[in-house]
1. Is there any pair linking a residue in the range 54-76 that is under 15 Å from Glu42 (Cα atoms) to one that is open to solvent by less than 30 Å² (accessible area, probe 1.4 Å) and of a type in the set (Phe, Trp, Tyr), with Cβ under 6 Å and at least six apart or on different chains, and which?
2. How about the range 3-41: which of its residues are over 27 Å from Leu57 (Cα atoms) and outside any loop (DSSP other than H, G, I, E, B)?
3. What number of residues within the range 54-65 satisfy the criterion of being closer than 25 Å to Ile76 by Cβ and assigned to a loop (DSSP other than H, G, I, E, B)?
4. Kindly indicate the residue of the range 42-53 that is free of Cβ contacts under 8 Å to residues at least 40 places away in the same chain and in a loop (DSSP other than H, G, I, E, B) and also least open to solvent (accessible area, probe 1.4 Å) among those meeting that condition.
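The values are calculated or read from the model by the stated rules, or taken from the named source; none is laboratory data. Here the structure is a predicted model, which is why all the values come from computation and not from measurement. Cβ placement follows ideal geometry from the backbone for every residue including glycine, while neighbour counts extend to all protein chains displayed. With ligands, DNA and RNA removed, areas are computed over all heavy atoms of the protein, side chains included. Shrake-Rupley method; radii C 1.70, N 1.55, O 1.52, S 1.80 Å.
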Amino acid sequence: HDMTLSELDVPVETMFRVHRGKIALPPPSMMYPSVRCAKCGENFMESRARRVQNETLCLECAGETISAVDSRGIGIAAPTLNPALRK
């Protein structure tokens with residue numbers, strides 16, 4: 001605790017190497033229209049849509065696994081995150 005507080009008084013340049021640099025920015029993200037899931041009614045990005053028995057479904061309602069990011073990192077989410085699907 002004391003060490004942490006003392007570090008607040010140390011100049012950034014002492015703790016880190018600071019220099020100006022140039023980086024190449026990534027291209028802008030593609031923007032896709034939103035569509036509504038026929039089963040749960042949630043809006044989602046069109047590129048994530050699945051057609052099942054002639055209906056447009058979100059990944060969760062289509063039964064696909066979903067990558068999720070939380071405090072533990074990237075993982076596979078269970079297909080019960082959507083409250084409309086919980087029984």
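1. Cys58/Phe44
2. From the range 3-41, those over 27 Å from Leu57 (Cα atoms) are 3-27; that's our starting set.
Of everything in the range 3-41, those that are over 27 Å from Leu57 (Cα atoms) and outside any loop (DSSP other than H, G, I, E, B) turn out to be Met3, Thr4, Leu5, Ser6, Glu7, Val12, Glu13, Thr14, Met15.
3. So in the range 54-65, the residues closer than 25 Å to Ile76 by Cβ come out as 55-65.
Then keep just the ones that are assigned to a loop (DSSP other than H, G, I, E, B); that gives 58-65.
Residues that pass the stated criteria total 8.
4. Step one: filter the range 42-53 for residues free of Cβ contacts under 8 Å to residues at least 40 places away in the same chain, giving 43-53.
Filter once more, keeping what is in a loop (DSSP other than H, G, I, E, B): 49, 53.
Working: Ala49: 30, Gln53: 173 Å².
Top of the filtered list is Ala49.
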